[in-house]
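The values are calculated or read from the model by the stated rules, or taken from the named source; none is laboratory data. Owing to the predicted nature of the structure, the values given are computational and were not obtained by experimental measurement. Note: ideal-geometry Cβ built from the backbone for every residue, glycine included; neighbour counts use all protein chains shown.
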Amino acid sequence: MSLKILLVDDHTLFTEGLSLVLKSLDQAVTIAVAGDMRAAMTAAGEHNFDLILLDLNLPDIHGLDALEFLAQKTPTTPIVIVSGKDEEWEIRRAMASGAMGFIPKSMPGRVLLEAIRLILDGEKYIPPKLAGTTNGYYQGRNSSRFTKRQTEILTLLTRGRTNREIAATLNISGNTVEIHVSSILKNLGAHNRTEAAYRAIQQGYVEVME
């Protein structure tokens with residue numbers, strides 16, 4: 001089954017490079033490119049995309065208006081901002097406006113792919129350096145403190161499993177585990193895995209095994 005992605009950006013060199021990176025995903029990928037909002041809206045009306053990657057600096061529309069229009073057109077499709085900027089206020093506004101993720105263009109391709117995998121798994125993504133300061137934006141679609149996947153990882157973490165063992169148990173990549181563990185530590189205000197495990201048990205996020 002093909003994964004359909006709409007890439008909305010008016011910089012051809014960037015879209016060509018990003019398209020090559022996206023083809024490294026584990027599934028067959030079909031990529032459509034739109035250079036402005038008019039073309040993006042037309043594409044969104046003609047195809048059912050699994051993911052939309054959106055630059056906020058388009059020639060025919062201003063900033064977050066692009067996100068609003070696309071969200072109305074495709075309410076069930078996750079939209080991720082891919083931006084040359086990563087100011088905290090801009091990330092906050094984008095996430096509050098319905099974006100499922102915010103990925104700086106400076107991010108390495110490997111990390112970008114892991115972020116996209118998290119989003120396709122139903123979670124939200126912001127740069128890890130801001131995850132501890134954006135008060136709950138790095139979370140799943142429910143309102144709990146941890147996503148379902150993070151709870152699974154946290155449970156295994158409290159049982160002393162390594163990242164490699166967690167990845168094998170959950171059938172996910174080691175990079176995905178690293179991203180989740182980083183977020184879990186920041187969410188709990190812990191400095192290391194041992195402290196995170198202790199706090200998770202003390203605060204009732206994980207039950208102690210008999």
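Of note:
- When the stretch 33-60 is filtered for residues that are in a strand (DSSP E or B) and modelled with pLDDT of 95 or more, the ones remaining, listed by number, are V33, A34, I52, L53, L54.
- Pairs with Cβ under 6 Å, 6+ apart, first in the stretch 79-106 and more than 17 Å from D121 (Cα to Cα) and assigned by TED's automatic domain parsing to the domain that holds G122, second of a type in the set (G, A, S) and exposed (fewer than 15 other Cβ atoms within 10 Å of the Cβ): K105/G84
- Residue within the stretch 126-143 that is modelled with pLDDT of 85 or more, assigned by TED's automatic domain parsing to the domain that holds I91 and within 30 Å of F14 (Cα to Cα) present: no
- Filtered residue count, the stretch 61-94, keeping only those that are more than 19 Å from T12 (Cα to Cα) and in a helix (DSSP H, G or I): 15
- Looking across the stretch 9-64, the residues that are under 18 Å from G84 (Cα atoms), free of Cβ contacts under 8 Å to residues at least 24 places away in the same chain and among the β-branched types (V, I, T) come down to T12, T15.
- So I79, is it modelled with pLDDT under 90 and surrounded by 21 or more Cβ atoms within 10 Å (Cβ to Cβ): no
- Flag for I172 being closer than 18 Å to A94 by Cα and at pLDDT 80 or above: no
- Hits in the stretch 1-32 - residues which are surrounded by fewer than 17 Cβ atoms within 10 Å (Cβ to Cβ) and either in contact with a Lys or Arg (Cβ under 7 Å, 6 or more places away or on another chain) or assigned to a helix (DSSP H, G or I) (or both): T12, L13, F14, E16, G17, S19, L20, V21, V29, T30
- Residue in the stretch 163-182 that is assigned to a loop (DSSP other than H, G, I, E, B) and farther than 23 Å from R117 by Cβ present: no
- Check on R110, touching a residue at least 40 places away in the same chain (Cβ under 8 Å), exposed (fewer than 15 other Cβ atoms within 10 Å of the Cβ) and within 16 Å of the chain's Cα centre (by Cα): yes
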